[in-house]
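A.B. asks: Supplied in structure tokens, the structure appears directly below.
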Amino acid sequence: MSEELHEVRLSVNGVVHELRVPARRLLSDALRHDLGLTGTHVGCEHGVCGACTVLVDRRPMRSCLMFAVSAVGSEITTVEGLTEQDGSPEGRLGPVQQAFAECHGLQCGFCTPGFLTTITAGLRDNPDPSEDEAREMVAGNLCRCTGYVNIVKSVLRASEIARERR
Amino acid sequence: MTTKLFGEKVPRVEDQRFLRGKGRYVDDVLVGHDLLHAAVLRSPHAHARIVDIDVSGVLDVDGVHVVWTHDDLAGAMADPLPLLIPHPQLTHGRTQYALAKDEVNYVGEAIAFVVADDRYLAEDALGRIRVDYEFLPPVVGVESARAAEHLVHDDVPGNVAARLEQENGDARGAIAAAPHTLSLDLTIERSASTPMEGRGTVARWDPDTGRLTVWTSTQTSTGVRAAVAAKLGLDLAQVDVITPDVGGGFGVKINHPWPEELLVPLAARTLGRPVKFTEDRREHFISSAHERGQVHHVEVGYDDDGRVLGLDVRFWHDNGAYTPYGLIVPIITSTQLLGPYKPGAYRVVFESLYTNTVMVTPYRGAGRPQGCFVMERTMDAIAAALGKDRTEVRAANFIQPDEFPYDHGLVFQDGRELEYDSGDYPGSLEKLKALIGWDEFPVFREEMEREGRRVGIGLACYVEGTGVGPYEGAHVHVETSGKVKVATGLTTQGQGHATAFAQIVADALGVRFDRVEVVTGDTRRMPYAVGTFASRAAVMSGSAVHLAALRAREKVLKIAADALEAAEDDLEIVDGVVSVRGTPDGTASIDLGTVAVLSNPLRYAFDEASKAATQFSVGDPGKPPVAEDDEPGLEGKDFYSPERSTFANGMHAVIVETDAETAEIRILKYAVVHDCGRLINPMIVEGQIHGGVAQGVGGALLERMAYDESGQLVNASFMDFLMPYVTEVPAHIDIDHLETPSPLNPLGVKGAGEAGVIPSAAVFASAIEDAEASYHPGLAITAMPISPSDLFALRQRHEESS
Ligand code: FES
Ligand code: FES
């Protein structure tokens, strides 16, 4: 007996993809293994670590807690979609990415995509966070490497960079 | 002169990839290819005999390609997994099979292996396997292992895998003769590395070349390579192991080969298609490895100044169900326990005990946090008994700066003598006291007390043997483009090796940093290597990379001198251009790419550098094009192998507040003084400290492996195992560095990776006890981690008993 497949159109980083997936296929797996967007990482598959966070209609969502079929009709942004066009082939780092590079906000880099997406959404809601608000913004994501010190710094720096670029 | 990069906060080159989502972790490898996916059936029972396994019906599931149990394995694959580090005292070492044979000894032990079109189907297939078990009584925890009412392995009496004793001087005699004595019982619970990325392996067999390529998330690619070749009956030369980006290791990924690291390559070869296994989070909790579970008994004799005259420590190490990594963890505890101190006499005895739980292999700190906890609790207890300041008692016991090298008269984990190379412990303590405000604390405490708040201060000191041998090597290759390709065999799990090693090469060779590209953990590029553990990468590979770059430099100078008709001594290399010192720009100079062309007397010209080379002539026309003692190519290769470990050290202090009602524990200030010799990249070192401190906070206040009496790990998820979020760690960590260079390596560096985590249990126990001292005099903290509920219960017990 083979599984029933569903045709879905997923709009990811502005590109529409058509794929056939079983109803139970997680959005995280569809992004990573079907679309090859491996920047989104999976650290727990039970919604706790935040590594798999993507933006679904600009809101941060844990892609391990969503089925691919339920993302139909939404605009999804993954870490690959956070760079900004500047004419160069790879684009320039977005403000949050740039801040992480400047503040040493990452070590192994595994948790990083989830932080970048989460903070991108967080700064849209609160472009000028206090240090406490910056901590609050990342309080749902786990990182085993950095001790978070430089991640909080990165949030504050990202807000500065975004302002400078505006 | 090119500006020196050593010691600079150079931004990391690897970040560009990671930040754009272009990292390549093992689960990203071969995505989009005709990959098959593996899943493993794991024992739901802690201790049972396997009566029967019924796999009929599994292959009926559409898309399932293979189901294996132990019966399907042959040759070396059917034998137990290797015991990696034997020790004469490990008289009863035991390792598991790739797939369980007849018996399971912990919840999570691999029993059957399935390969299917995707992971979902593979897991469906697992559900069809029926196993008949005959239950055996489980042994859980040190106490039940020691009682030995039941045995984990029938043929291991008393559940004792090993007993080891070391003594320097007559400790018991010294204690008996000492003016004061005291004894302590101290316990540390289990925790684990829990990197954000679990284990994973991908393998591809290429029938055209008869070669196997394995990508695996490991801390030792050369180790995995040798194991895979041996187990699959392949020649070493047929196996390549590539360690891609690794999402954290912290020790757990040094153990190898995991069952899946063998089964996946075997399946790839058998099926002729690439196969991938990616561990899920629950599997990581129950099927990888843990550490830290130890129970200790201390007897100490000391004088009026608090000087330790005799120290006698017995401890019991819970090694879980198997001992693939030998006795490394308890040996480290037993030796590194001494920290910066020089007791008059010391004896240590430990037993390593089997339990029906996940096996124990090193986790960041590797036995040192337990040792530090024991020693520092002892120092605190002596201070309390004598009514002295805790820093005074420590200072009275320090090895002094003029006493190095200091020989403890013991054997360290690497089989070499425990001899410290350098350090300045009194200097560190002064810095720490200033940083945390030790002398001002009483005033602060009074202020807080007036507000009805309880605060306490604590400190803990450690010494860490880092950069253990036997060796690491490096290969430096200057391409005709002038780019410098560097390879070292050990692996990277977030330490920024691509940056730190490039800094070293750029300095040694005189090239721009952005022309250097470093590859780690790829056996095709550097087949001889040991691995990334024991804070050894910067010391071992850092030194090897430096030496290899110097070799390449020698060759550059030789060829360039010939081409420029100058003496080697008159040449300098700046930004990748060799020129005669003191000549105006552009005259008498040659760039590295051109030197690379000249190094290889090939007839074919491919590029600009080759054309540029035609203006120079090198070599003696009367001799063969490649001289007898020479070889073509602009390369340098070298190995670094130290006599012994180099000893880093540090001290942490913390100020905590404990809530009078709820016993909640808050961190008000955290300070670190750290001496890891010369710093290659202070930004990276500080990052390592931040991460270590956070992990230490987790270990001290939150994390424990909660096994019930039947051997079930009841908190095997991130929901239940409390790893610190940003809200649980200190918002700021004050760091001060001391740099006492190591005399043992050319860079003067010492390891830094594990340090942050070592003193955590000790420093928090000290501070929390101090915060409680005036409300619950004599309340002693003897077991870690400590949660608010634990503290609450301690207070209640204390009130009842007093
Ligand atoms: S992988 Fe989705 S939250 Fe952890
Ligand atoms: S950088 Fe490794 S988990 Fe966050």
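A.B. asks: Between B:E403 and B:H150, what is the FRET efficiency for a Förster distance of 45 Å, r being their Cβ-Cβ separation, to the nearest 0.05?
C.D. replies: For R0 = 45 Å, the calculated efficiency reads 0.40.
A.B. asks: Each label point is 7 Å from the Cα along the Cα-to-Cβ direction; what then is the distance between the points at B:R314 and B:K623, in nm?
C.D. replies: Between B:R314 and B:K623, the label points sit 7.0 nm apart.
A.B. asks: Place a +1 charge on the Cβ of each Lys and Arg in the range B:484-593 and a -1 charge on the Cβ of each Asp and Glu, then give the dipole magnitude about the Cα centre in debye, rounded to the nearest 20.
C.D. replies: Charge dipole, the range B:484-593, about its Cα centre: 660 debye, nearest 20.
A.B. asks: While we're looking at this one, here's another question. Relative contact order, percent, of the range B:232-310 when contacts are C-alpha pairs under 8 Å separated by at least 6 residues?
C.D. replies: Relative contact order, the range B:232-310: 19 percent.
A.B. asks: Put simply, what bits of the range A:1-45 lose 50 Å² or more of accessible area when the other protein chains are there, versus the chain on its own (1.4 Å probe)?
C.D. replies: A:M1, A:R24, A:H33, A:T38
A.B. asks: Show A:R124, B:R377, B:R581, B:R644 ordered by accessible area, largest first, where the area counts protein heavy atoms only and the probe is 1.4 Å.
C.D. replies: Ranked list, largest accessible area first: B:R581, A:R124, B:R644, B:R377.
A.B. asks: What is the interface area between chains B and A, defined as buried accessible area summed over both chains with a 1.4 Å probe, reported in Å² to the nearest 100?
C.D. replies: 4600 Å²
A.B. asks: Using the Cα centre as the reference, give the magnitude of the dipole from point charges on the C-beta atoms of chain B (Lys, Arg: +1; Asp, Glu: -1; all else neutral), rounded to the nearest 20 debye.
C.D. replies: The dipole magnitude comes to about 940 debye.
A.B. asks: Moving on. Report, in degrees rounded to the nearest 10, the 0 to 90 angle that the Cα long axis of helix A:112-125 makes with the longest principal axis of chain A.
C.D. replies: Tilt relative to chain A: about 70 degrees.
A.B. asks: Can you give the FRET efficiency for B:Q615 and B:R163, using 1/(1 + (r/R0)^6), R0 = 56 Å, r = Cβ-Cβ distance, to the nearest 0.05?
C.D. replies: Step by step, r from the Cβ atoms, then E = 0.20.
A.B. asks: Could you calculate the contour length gain from B:A395 to B:E134, that is, 0.36 nm times the residue separation minus the distance between their Cα atoms, to one decimal place in nm?
C.D. replies: Taking 0.36 nm per residue and subtracting the Cα distance, the gain is 88.2 nm.
A.B. asks: Can you compute log10 of I(q)/I(0) for the protein assembly as shown with the Debye formula, treating each Cα as one identical point scatterer, at q = 0.05, 0.08 Å⁻¹?
C.D. replies: These q points yield log10 I(q)/I(0) values of -0.31, -0.80.
A.B. asks: Separate question: Provide the solvent-accessible area of B:R211, counting protein heavy atoms only and rolling a 1.4 Å probe, rounded to the nearest 10 Å².
C.D. replies: Approximately 80 Å² for this residue.
A.B. asks: Can I ask one more? Under 19 Å Cα to Cα from B:K101, which aspartates and glutamates show up? Leave out anything in the same chain fewer than 8 places away.
C.D. replies: B:D52, B:D54, B:D71, B:D72, B:D79, B:E109, B:D132, B:E134, B:D154, B:D155, B:E260, B:E261
A.B. asks: Place a point 7 Å from Cα of A:R9 in the direction of its Cβ. Which residues in the range A:48-88 have their backbone N less than 18 Å from it?
C.D. replies: Only A:57, A:68-77 pass the distance filter.
A.B. asks: Still on this structure, I have one more. Can you give me the % of accessible surface on the range A:5-81 that is carbon or sulfur? Probe 1.4 Å, all protein chains present, nothing else counted.
C.D. replies: It is 52 percent, rounded to a whole number.
A.B. asks: With a 1.4 Å probe on protein heavy atoms only, tell me which residues of the range B:689-723 lose at least 50 Å² of accessible surface in the complex relative to the chain by itself.
C.D. replies: Buried-area filter returns B:H690, B:F718.
A.B. asks: Once every DSSP H run of n ≥ 4 in chain B is given -39500 (n - 2.57) and the sum is divided by its residues, what mean residue ellipticity at 222 nm do you get, rounded to the nearest 500 deg cm²/dmol?
C.D. replies: -8000 deg cm²/dmol
A.B. asks: Now for a different question. Which of the residues in the range A:106-122 show a loss of at least 20 Å² in accessible area from their chain by itself to the complete set of protein chains, at a probe of 1.4 Å?
C.D. replies: Output list: A:L106, A:Q107, A:C108, A:F110.
A.B. asks: Take B:Q89 and A:R166, extend 7 Å from each Cα along the Cα→Cβ direction, and tell me the distance between the two endpoints in nm.
C.D. replies: 6.5 nm
A.B. asks: Next question, about the same structure. Could you pull out every one of the aspartates and glutamates with an alpha carbon less than 12 Å from that of B:K388, ignoring same-chain neighbours closer than 8 positions?
C.D. replies: List returned: B:D304, B:D305, B:D380.
A.B. asks: In addition: Pairs B:K485/B:K623; B:K485/B:K555; B:K555/B:K623; B:K253/B:K485; B:K669/B:K750: which exceed 22 Å Cα-Cα?
C.D. replies: The answer is B:K485/B:K623; B:K253/B:K485; B:K669/B:K750.
A.B. asks: Ignoring ligands and nucleic acids, what accessible area does B:R172 show with a 1.4 Å probe (Å², nearest 10)?
C.D. replies: It works out to around 120 Å².
A.B. asks: Here is a follow-up. Using only the heavy atoms of the protein chains and a 1.4 Å probe, how would B:L564, B:L83 rank by accessible area, largest first?
C.D. replies: The most accessible residue leads, giving B:L83, B:L564.
A.B. asks: Using only C-alpha positions, report the orientation-averaged shadow area of the convex hull of the range B:276-417, nm², one decimal.
C.D. replies: 10.7 nm²
A.B. asks: Moving on to the next point. Would you work out what percent of the accessible area of chain B, with all protein chains in place, is carbon or sulfur (probe 1.4 Å)?
C.D. replies: Ligands and nucleic acids excluded, carbon and sulfur give 49 percent.
A.B. asks: Additional query: I need the helices of chain B that pass two filters: whole DSSP H segments spanning 24 Å or more by Cα along the axis, and mean Kyte-Doolittle score no lower than -0.5.
C.D. replies: B:368-386, B:542-564
A.B. asks: Have a look at A:L26, A:N150, B:Q96 and report the one farthest towards the positive end of the charge dipole of the protein assembly as shown, computed about the Cα centre with Cβ charges (Lys/Arg +1, Asp/Glu -1).
C.D. replies: Of the candidates, A:L26 comes out farthest on the positive side.
A.B. asks: In whole Hz, with x marking every Gly and Pro, tabulate ³J(HN,Hα) for the range A:63-70 from phi via Karplus 6.51 cos²θ - 1.76 cosθ + 1.60, θ = phi - 60°.
C.D. replies: 6, 7, 9, 10, 7, 4, 5, 8
A.B. asks: Oh, and also: What distance in nm separates the two pseudo spin-label positions at B:D62 and A:E18, each 7 Å out from Cα along the beta-carbon direction?
C.D. replies: Each label point is offset 7 Å from its Cα along the Cβ direction, giving 2.2 nm.
A.B. asks: Further, regarding this structure: Tell me, in nm to one decimal, what length is gained between B:D54 and B:A78 on full extension, where the rule is 0.36 nm per residue of separation less the Cα-Cα distance?
C.D. replies: 6.8 nm
A.B. asks: Between B:H33 and A:E90, take the C-beta separation as r, use R0 = 22 Å, and let me know the FRET efficiency to the nearest 0.05.
C.D. replies: The computed FRET efficiency comes out at 0.40.
A.B. asks: Calculate, for the protein assembly as shown, the solvent-accessible area per residue in square angstrom, rolling a 1.4 angstrom probe over the heavy atoms of the protein chains.
C.D. replies: For the protein assembly as shown, the per-residue accessible area is 36 Å².
A.B. asks: For chain B, what does the relative contact order come out to in percent, with C-alpha contacts under 8 Å and a separation of six or more?
C.D. replies: Relative contact order of chain B: 15 percent.
A.B. asks: I've got another one for you. Determine how large the accessible area of B:R17 is when every protein chain is in place; take a 1.4 Å probe and give Å² rounded to the nearest 10.
C.D. replies: 100 Å²
A.B. asks: Provide B:R797, B:R347 ordered by accessible surface of protein heavy atoms (probe 1.4 Å), highest first.
C.D. replies: My answer, sorted largest first, is B:R797, B:R347.
A.B. asks: Just to check, using Stokes-Einstein with a Kirkwood Rh over alpha carbon pairs, what's the diffusion coefficient of the range A:1-111 at 4 °C and 1.567 mPa s in µm²/s?
C.D. replies: In µm²/s, the coefficient rounds to 87.
A.B. asks: Between B:E800 and B:D71, what length in nm is gained on full extension when 0.36 nm per residue of separation is reduced by their alpha carbon distance?
C.D. replies: 256.6 nm
The values are calculated or read from the model by the stated rules, or taken from the named source; none is laboratory data. Every value quoted in this text rests on a predicted model; they were computed, and no experiment measured them. Note that we place each Cβ from the backbone using ideal geometry, even for glycine, and neighbour counts take in every protein chain shown. Note: accessible area is taken over every heavy atom of the protein model, side chains too, but ligands, DNA and RNA are not part of it. Shrake-Rupley method; radii C 1.70, N 1.55, O 1.52, S 1.80 Å.
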